Amino acid sequence: MTVQQCLRQQEAWSKARGPADAEQIAPLDRASFPGSHSAGINAGNGGKNRREFLTYIWAGTLAAMTVGTGLAAYQFLYPRRPANEFGGRFFLGAASNLPPVGSDPKANVDGRFWLVNTEDGPRAFYNLCTHKWGDMWIKYRWDPTRARFECPACGAKFSLQGHYIEGPAPRSLDQFMIEIVTGRKVVAKTMFAEDAIVSPGVPSSEAEIVVDTGTIIEGLPRTASPLLKGYRG
């Protein structure tokens, strides 16, 4: 039976029972019949909600894909260097392995640095002279007879603490950051101040020494060297 037939049957029945009884009869709800106009409207709203839901899912998926692609690109362009390779971290073991304070520095060929233990703490000097010789950076060397670093190309000289002494070098020696690790936590590291590069303090001989060759701290200008005292050249 169609909707129209049901409506005509209800109207005929209402007239037969009289006006009083007709008022007590609730009007027929067209939305209860499949295929009616009202049902079509409700179905339309449901379709709209489904479309919005699918839109949100696609937007979230696209955002997740974008973030994942960005992280992959970052890791590709800026890969983390393996441990104990130049550009990465060098794990030197316990602080008890450091050379005695004031002794000759130890060369780390793979890490390209000289390890020095001073009264203030350890330092790791980049093994290139701060004066560029033409288009090349030259490795300096340690002279044990004079107890200082010397560049064989430009003749620049630096103290055991890396301070500029003389020569054409524009600044003191560059350094790699040193981290002091205790219980898997970095408790101290090399810090750069306005007028000094501060070595990290070593709390105990069991603390681990890590040299980060991916972080270079540029040496202070030669005019700031404490060995010059008034030099303004």
In the range 122-164, what residues are surrounded by fewer than 19 Cβ atoms within 10 Å (Cβ to Cβ) and among the hydroxyl-bearing types (S, T, Y)? T145, S159
For the range 173-188, indicate whether the set of residues that are closer than 20 Å to P99 by Cβ and among the hydroxyl-bearing types (S, T, Y) is non-empty. no
Going through the range 157-173 one residue at a time, which ones are outside any loop (DSSP other than H, G, I, E, B) and touching a helix residue (DSSP H, G or I) at 6+ places or on another chain (Cβ under 8 Å)? Y164, R171
Could you tell me whether V109 is more than 16 Å from T190 (Cβ to Cβ) and modelled with pLDDT of 95 or more? yes
Only listed residue being modelled with pLDDT under 65 and either of a type in the set (S, T, Y) or not assigned by TED's automatic domain parsing to the domain that holds G183 (or both), chosen from A64, A83, A59: A64
When you scan the range 121-143, do you find a residue that is more than 15 Å from I209 (Cα to Cα), acidic (D, E) and not in a loop (DSSP other than H, G, I, E, B), even just one? yes
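Quick one: in the range 182-233, which of the residues that are basic (K, R) and either closer than 20 Å to K157 by Cα or outside the structural domain of K157 (by TED's automatic domain parsing) (or both) is surrounded by the most Cβ atoms within 10 Å (Cβ to Cβ)?
R222
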Could you tell me whether I197 is of a type outside the set (F, W, Y) and touching an Asp or Glu at 6+ places or on another chain (Cβ under 8 Å)? no
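Do we have R123 as at pLDDT 90 or above and of a type outside the set (G, A, S) here?
Yes.
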Considering the range 174-198 alone, what residues qualify as being at pLDDT below 95, within 24 Å of the chain's Cα centre (by Cα) and not in a strand (DSSP E or B)? G183, R184, A193
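The values are calculated or read from the model by the stated rules, or taken from the named source; none is laboratory data. Being a predicted model, the structure only gives us computed values, none of them experimental. Cβ sites come from the backbone with ideal geometry, for glycine too, and all protein chains shown count toward neighbours.
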